[in-house]
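The values are calculated or read from the model by the stated rules, or taken from the named source; none is laboratory data. Everything quoted here is computed from the prediction, not taken from an experiment. Here the Cβ is made from the backbone with ideal geometry for all residues, glycine too, and neighbour counts use every protein chain on show. What goes into the accessible areas is simple: the full protein's heavy atoms, side chains included, and nothing from ligands, DNA or RNA. Shrake-Rupley method; radii C 1.70, N 1.55, O 1.52, S 1.80 Å.
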Amino acid sequence: MKKVVKFGGSSLASAEQFRKAADIIHADKERRYVVPSAPGKRFTEDAKVTDMLYGCYHLAEAGENYSKELKEIEARYQEIIDGLGLSLSLKDEFKVIDKQFKEKAGENYAASRGEYLNSIIMAAFLGYEFIDAAQVIRFDENGDFDAETTNQMLRERLKDMEHAVIPGFYGAYADGRVKTFSRGGSDITGAIVARAVKADVYENWTDVSGFLIADPRIIDNPEAIETITYRELRELSYMGAGVFHEDAIFPVRREGIPINIRNTNKPEDAGTWIVESTCQKSRYVITGIAGKKGFCSVNIEKAMMNSEIGFGRKVLQAFEDYGISFEHVPSGIDTMTVFVHQDEFIDKEQKVVSAIHRLADPDCVDIESDLALIAVVGRGMKSTRGTAGRIFSALAHANVNVKMIDQGSSELNVIIGVADDDFEDAIKAIYDIFVLSQL
């Protein structure tokens, strides 16, 4: 068997955390390929190294002195090196970084150095081969990840390599310029490596023991999710569940590789398994609840709308023309509602409304602000009668007014719209009816 293990920033924030990660790797000989993140926070008020690198580079870009900030970053790494008792020196690496900052190599280059340097330390500590991600992870000229080229390059590079450390978060264009994924992109790198080596398992080590059914900032000690499917995770991640980068699902999904989310500080915990499909019934009807605030709805009314060919396209054209993406579009016989992010919409709202009138000639357009969307997700919902009724009943008992409800054809999730002020109460009510009442 082969396992790819990715460690998050909090798991590699200090020498002590490095040792925990190394113990985990050495505890299982099948853990052969390691993907590190940049050092995260050591304590609550601490700074993440990636943020320090961004700040340092912005000073360099503005032509200001950044030597103090760069020395602070170097000191963070030296503290880890000294704590691990390594004879490794990163002075030459920091000379190169300083030179690249002076030449304004770009934000992507600056941000990527966190993972790059941490991986050099990890490789030295484990005695593994270090492979620069810029040599094996490719982006095309448009800045899009080139999955097939990367898979070929990485598979070829690793085919005769028993152990290797590959930095997370970045790759490069064909000309060698560094390009990063979005924040949290080390999860994606781990999935890419897992696909390339045809891993049996992709272990993602972080500071929590997997996914929880609901946000612990809203629900006290929510129950853990033991097993979740790719599709369920995609729904929950999209609606704000932030343990795992949602785009990291795609590389492993193609190969049917399961993901195991584990806790570096509690390696004995089983964590959460993310799989393509399973015959295991979830403990509850729902798998998880997640949501986001800060939406607004644009309600368009027109008599006989349902018989007018192209009406929906005309309405959505108005949003597209002003670069606004929509979240959900529930509709009735004579009404169509478009949910959008309020902060993206607010400065363009009157232009969009004018465009809707011009393109679709509605009877009226009404906007409602400060709305939240909540996703109730679960593979068990499809085979359970009365799920939507229980949701409505729970919300009614909590005096929460439902602004919108939308169920996908897969019956995997129900999206509920409520006022921002009712967001926490709504999640508590749904959790109570589906989880606490079953305990």
Item checked: Those chymotrypsin sites (Phe, Trp or Tyr not before Pro) in the range 7-111 that DSSP places in a loop and that have at most 16 other beta carbons within 10 Å -> F43
Margin query: Relative contact order for the chain: what percent, with Cα pairs under 8 Å and sequence separation of 6 or more?
Written below: 13
Next item on the list: Step through the residues of the range 412-429 one at a time and calculate ³J(HN,Hα) from phi using the Karplus curve (6.51 cos²θ - 1.76 cosθ + 1.60, θ = phi - 60°), rounding each to whole Hz and writing x for Gly and Pro.
Entry: 8, 8, 10, 9, 10, x, 9, 5, 3, 5, 9, 4, 5, 4, 5, 5, 4, 5
Next item on the list: Give me the distance between the Cα centres of the range 365-402 and the range 231-289, rounded to whole Å.
Entry: 23
Item checked: Accessible surface of S369 - all protein chains present, 1.4 Å probe, nearest 10 Å² -> 60
Notebook entry, point to check: How big is the accessible area of E344 in square angstrom, nearest 10, if you roll a 1.4 angstrom probe over the protein chains?
Noted result: 80
Notebook entry, point to check: What does the accessible area per residue of the range 76-140 come to in Å², with a 1.4 Å probe and no ligands, DNA or RNA counted?
Noted result: 41
Check: K104 to A75: extension gain in nm, 0.36 nm per residue of separation minus the Cα-Cα distance?
Finding: 8.2 nm
Margin query: Calculate the FRET efficiency for A224 and E268 from the Cβ-Cβ distance with a Förster distance of 22 Å, rounded to the nearest 0.05.
Written below: 0.95
Checklist line | Heavy-atom accessible area order for R390, R254, R177, R195, largest first, 1.4 Å probe | finding: R254, R177, R390, R195
Checklist line | Accessible area of the range 170-314 belonging to carbon and sulfur atoms, whole % at 1.4 Å probe | finding: 47
Check: Sorting L59, L212 by accessible area (1.4 Å probe), largest first, what list results?
Finding: L212, L59
Notebook entry, point to check: Under 22 Å from the Cα of K102, which lysines turn up, not counting those fewer than eight places away in the same chain?
Noted result: K68, K71, K91, K179
Next item on the list: Apply the Karplus parameterisation 6.51 cos²θ - 1.76 cosθ + 1.60, with θ equal to phi minus 60°, to every residue of the range 352-364 and state each ³J(HN,Hα) to the nearest whole Hz, in sequence, with x for glycine and proline.
Entry: 5, 4, 4, 5, 4, 4, 5, 8, 10, 6, x, 6, 7
Item checked: Label-point separation, D363 to E255 (7 Å along Cα→Cβ), nm -> 5.7
Notebook entry, point to check: If each of D23 and Y54 carries a label point 7 Å out from its Cα toward its Cβ, how far apart are those two points in nm?
Noted result: 3.3
Next item on the list: Take the Cβ-Cβ distance between C279 and E16 as r, set R0 to 45 Å, and report the resulting FRET efficiency rounded to the nearest 0.05.
Entry: 0.65
Check: By how many nm would the segment from R42 to M304 lengthen if fully extended, with 0.36 nm per residue of separation less the alpha-carbon distance?
Finding: 88.3 nm
Check: Kirkwood hydrodynamic radius for the chain: how many Å is it when counted over pairs of different Cα atoms?
Finding: 23.9
Next item on the list: Taking all protein chains together and a probe of 1.4 Å, list H397, H163 from the most accessible to the least accessible.
Entry: H397, H163
